Every structure is written in structure tokens, then in C-alpha cells.
Amino acid sequence: MRRTGSTRSYDNAFRREQAERTREQILEAMIDQLGQGRQDFSAADVAAAAGVSQRTVYQYFPDREAQINAVIAALDERLAHEVAGPRSLDEISPFAEQLIRLGASHVREMRAQIAGGLASEVRARRRRSRDRAVALAVGAGCDDPKAARLASAAINVLTSAEISLGMIDRFGIEGDDLIGTHTWIIRTLVEAIKRGDLPAPAENIHS
């Protein structure tokens, strides 16, 4: 019995959907491994967690670079989706609130990016563009390059996953309380920058 065109189309659509589900299972397994505090993941562990073979893992993510890029893309989608970097001091507080709000709703992903080892590389790649954007926004509103460097560093640290998780794990501050507290800190810091109330750089700090 010959298959009709509609049957073939259905089969192709089913295979594509199945392939996408398999890819997502593998990706979630990689994020889970890092979210549990592990410094790295192996194809064997990922395959076991995803319920597939190691060969299937490599079929979708053929090497370490492909695996890292997939995790970075997933974290970007969940932790910084459509969050444009600030272009001025006035945009820093809303920018920080968006980041913190996304992080508060994706705690597992935040944990995944602060683990050591492989996660350190994931985190470093993700934060470079954000750090640059904040530095430029602060620098545009500050005449002293050294003071601007210190202030932008403080903002970037205060909006980091490490600080959010510290508040969650150490003090039990979560959800709206976490978002509100973070936003208050950043807003206070931005207002200080606007007033010219900046950190006094030591003479030996390099710009």
C-alpha cells in the first residue's frame, strides 16, 4: 500500500516534533547537571538523565562547543530574554529590574550559571555584553572615568546571579521581595551617581 502525500507530511511533522522534544530533553538535562552544582557534565550522565543514548546526545550536540553554545542560548532566553542593555543612567534601574525579575522566576537556571568549571565559561560569555552596556551607561553620566568604573562594577555585581542566590539561600528573600530589594539598591545607587556621590578611586586603581 502506497502512502499518500498527506501521510508523508504527517510523518515528517511527527518526526520533527519528536526530534525537538528529544533535543529539549537533552538540553534540560545539561542545565539540570549544572543547576545541581556540578562543575561539568558528561555525555553519559546527560544521556541517562534525558533517557537517550550517548550517541543521541552527540547527534544533537556533536561537541563541547555545541553543548556550551546551546546552554548559553537557553540561559539567555530565560534569564535575559528581550532585555536590552541600558543606554543611559535612567535605563539602568528598569534594566536591572527586568534581569532580577527573570532570575527570580528561573532559580534553577541561575544556579546552573554560577557553578564552577564549564558553568564559569557559560557565565563569562553571557555577562560580557551586559557589563559593557552598564559601563557605557554609567560612563555617559559620569565625568570621572575611574569613579565610573567602580560604580559600574558595583551595579554589575549587585545584579548578578550570585547576589540573588545569596539573598535566597542565606536570608530566604524570594519572589517580589527579592525583586523589590534589588531594585531599591540599584535605584539608590543610580541616584547617588546622578548627584555626583561616587566612590573615590585610590591612586593605584587603573582605568
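Would you pick out the residues in the range 56-115 that are more than 14 Å from the chain's Cα centre (by Cα), of a type outside the set (Ser, Thr, Tyr) and under 30 Å from Ala44 (Cβ atoms)?
Hits for the range 56-115 are Val57, Gln59, Phe61, Pro62, Asp63, Arg64, Glu65, Ala66, Gln67.
I'd like the residue in the range 67-113 that is assigned to a helix (DSSP H, G or I) and acidic (Asp, Glu) and, out of all such residues, is surrounded by the most Cβ atoms within 10 Å (Cβ to Cβ).
Out of the qualifying residues, it is Glu109.
Filter the range 53-63 for residues that are touching a residue at least 24 places away in the same chain (Cβ under 8 Å) and not hydroxyl-bearing (Ser, Thr, Tyr) and give the result.
Across the range 53-63, the qualifying residues are Val57, Phe61.
Would you point out which residue out of Glu91, Glu109, Glu77 is touching a Leu at 6+ places or on another chain (Cβ under 6 Å) and either of a type outside the set (S, T, N, Q) or modelled with pLDDT of 90 or more (or both)?
Of Glu91, Glu109, Glu77, the one residue that is touching a Leu at 6+ places or on another chain (Cβ under 6 Å) and either of a type outside the set (S, T, N, Q) or modelled with pLDDT of 90 or more (or both) is Glu109.
So, restricting to helices (runs of 4 or more DSSP H) that lie completely within the range 1-66, which ones have at least 1 residues that are buried (at least 16 other Cβ atoms within 10 Å of the Cβ) and modelled with pLDDT under 90?
Passing ranges, in order: 5-35, 43-50.
Applying the selection to the range 162-191, what residues are in contact (Cβ under 8 Å) with a residue 24 or more places away in the chain and either of a type outside the set (D, E, K, R) or not assigned by TED's automatic domain parsing to the domain that holds Ala96 (or both)?
Scanning the range 162-191 gives Ser164, Leu165, Ile168, Gly175, Leu178, Ile179, His182, Thr183, Ile185, Ile186, Leu189, Val190.
The values are calculated or read from the model by the stated rules, or taken from the named source; none is laboratory data. Note that the structure is predicted; figures quoted are calculated from it, not measured. FYI the Cβ positions are ideal-geometry reconstructions off the backbone, even for glycines, and counts take in every protein chain you see.
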